[in-house]
Amino acid sequence: MSQLPDFTFCYDHAACGLVITDIDGTIRRANATFAKWLGFQQSELVDAKKIQELFTVGGRFFHHTHWAPLLQMQGSVSEVQIDLRSRDDKIIPMLVNASRISHDGTIIDQMAFFIVDDRKKFEQELVAARKKLEASFDSLRETQNQLQRNQNMLNLAMHSAKMAGWSFNVESERVEWNNELQSLLGFDEDSGWLSKESFYNLLHPEDKDSFRQQLRHAIKSQTNYTLECRLKNSQEHWVEMEISGYAVITQHGETQSIYGICMDVSERKARLRELAALNTKLSSSDHRKNEFLATLSHELRNPLAPIRNVLEIMRIKENDATVWKKSRILIDRHVSHMSRLIEDLMDISRISHNRINLRKQAIDILPALHCAVDETKPLIDAQSHQLSINEAKAPIYVNADSTRIVQIFSNLLTNAAKYTPAGGTIDITVSQNREQVTVSVEDSGIGIPAEELENIFTMFSQLSPALERAQGGLGIGLALVHHLVTLHEGEIEVSSEGHNKGCKFTVKLPVIRRVGALDANSLQDEKSKAIKLPQRRILVIEDNQDTAQSLAELLEYAGHITCTAFDGTSGIMQAKEFKPEVILSDIGLPDISGYEVAETVRKQLAHANIYLIAITGWGQKKDKQLAKASGFNRHITKPVDFAELKQILAELPDD
């Protein structure tokens, strides 16, 4: 083993400059490293120079103000950077550590110098490396945060969309699913892994084969797959799923695993089914509406044919009183039929918008039933039907609108007469218990198929296309009856044993015990009671001259004095000259509207206190509001019910 260098060699060639000075700075020893850095020989420094002479001016000032006092006070100076000047006048920055010690009774300063450039480069590299490492950590931390945010967003999106993930390892035949799928199916964490067979047991039996075929095709063709299936959840309910995914293939072409995203589409499927049902319902409603419109056209044209024929007969036999009497009866019957059709339509509109008002009072239901029979007797007799009535002898009182009760049973009897072949039977049965009266109308007609029973009270519902039956109706009568019975807090039921086995409609209404002074025949009495009218001066404003003149003639037969005008402007002029007590005005006039007529009359003839009645084919709520706002006192829809008009005129106060 070679001998190590002695101490003197190590001192001279140390990795730093080593210097020993007196307290005044005289250099007593300097190693070769220090002398070499400054370009001096050791002999040129030792006992030849003071250490401060090697400093720059700034270094000397720092030595005088900081270094020397520090050495004096604390005996050491650490990590002080100071500039030294070399023989060739170059500035060499150095870092110095100094300490003051006593040796053999002599005080000396020992110093160790390091060139700062090397240290700075190393420190700079360290700093750069540290910054680079910190930047890498920051980038990694931001990446991790971003990944977490993305994962959170993905989890939120999957949770909101009811999506979940699953995978199937082909080699182990194990199925793994994530927490979302567990949550969707209601399983706990212990159910995270399943065998293939356990997973297939969750599939609906009808979906297993299709599921297997789809996966086999994806594996074989190495393509994506999309399928729908039903999975059984923890509550034994079926959850409808849409699954999309792909097969992972190794570099050797073997299938390693199957991945998929599951989406719970139960709600979407339910909405689609509801939409399909609604679409079917709307389609059915539209079909019924079209049949209704065709039937309405048919029903309105039917009365026009005999009316036109009778008018021609009246023209030919204008002097034959018997012909004229029969013709008037026929025209009145068919006009009444058309009026009932239109009134039924208006009633349905009023009921559907909750605008019908019942004038309820204590009435005996039996006279109302007989009035309904009287109204429908011509149709029943025309079909040669046998009508029987099984009723109680004592009055049965209900709190009801007598007109609407007649309308209910009239519609039921009309329906029975129309849908019963000629020579059939119609039986009416009335019974009462403590709480309610029950009226049934049973016929031997065409009956109602079981599948139609639940729709029989639906608007525009008909048992067969209207044009297939000469007696077909509009398909609104039973819907109207159902609404009117409901408004009377009653119930209506229908039963039938099927085709050609007839049907039975049963109406149940609550009875009342306490009844005022109401005669059992009061309904018939009121219906036949004549209204005594005081004579009025009446102006009729109507652009249809036939309508205007015929209405004026009727009013004159009732004892009134009339005048007619065929447009709004002429009507206002006639009002000023004729000085009417009552004005009957159409709304749709050729020059100005009936609303403008009313406003002008109210402004220009305010002193006359004229009673204004709007007569129009428009009968909606907004039409009545417009009429009232423009100054009309009353609103009557066409065709005018003359009995209603006479009632209004009779109730006017005498000035």
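Where a number appears in this text, it was derived from the coordinates with a stated rule and is not lab data. Computed from a predicted model, the values in this text were never measured in an experiment. We place every Cβ from the backbone using ideal geometry, glycine too, and count neighbours over all the protein chains shown.
Calculate, in nm to one decimal, what E236 and I389 gain on full extension: separation in residues at 0.36 nm each, minus their alpha carbon distance.
Details: separation 153, 0.36 × 153 = 55.08 nm, distance 5.80 nm.
Full extension from E236 to I389 adds 49.3 nm.
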| field | Y11-R315 pseudo-label distance in nm [points 7 Å out on the Cα-to-Cβ vector] | value | 15.5 nm
| request: Output the peptides 368-379, 268-279, 76-87, 399-410 sorted from most to least packed, where packing is the average of other Cβ atoms within 10 Å over each peptide's residues. | output: 399-410, 368-379, 76-87, 268-279
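Using the Kirkwood formula on the Cα atoms of segment 537-651, what hydrodynamic radius do you get, in angstrom to one decimal?
Working: mean 1/r = 0.0727 Å⁻¹.
It works out to 13.8 Å.
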| remark: The simple spin-label model distance between K377 and R602, using points 7 Å out along Cα→Cβ, in nm, is 4.7 nm
| field | Length added when fully stretched, L282-M573, from 0.36 nm per residue minus Cα-Cα | value | 99.5 nm
| said: Test of understanding: ordering S234, S431 by Cβ neighbours within 10 Å, fewest first, what list do you get? | reply: S234, S431
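Number of Lys pairs in segment 537-651 with C-alpha atoms less than 17 angstrom apart, excluding same-chain neighbours closer than eight positions? Please list the in-between numbers first.
Working: K576/K603; K579/K603; K603/K628; K621/K638; K622/K638; K624/K638; K638/K646.
Close lysine pairs under the 17 Å cut-off: 7.
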| Order of M573, M111, M263, M241 - criterion: other Cβ atoms within 10 Å of each residue's Cβ, fewest first | M573, M263, M111, M241
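Please find the FRET efficiency linking E267 to S172, where r is the Cβ-Cβ separation and R0 is fixed at 41 Å, and quote it to the nearest 0.05. Walk me through the intermediate numbers first.
Details: r = 34 Å, r/R0 = 0.84.
Computed FRET efficiency for E267 and S172 comes out at 0.75.
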| query | Exposure proxy check: H66, H483, H607 ranked by fewest other beta carbons within 10 Å? | reply | H607, H66, H483
| query | Using Cα-only point scatterers and the Debye equation, what is log10 of I(q)/I(0) for segment 7-121 at each q in 0.15, 0.18, 0.23 Å⁻¹, rounded to two decimals? | reply | -0.61, -0.91, -1.54
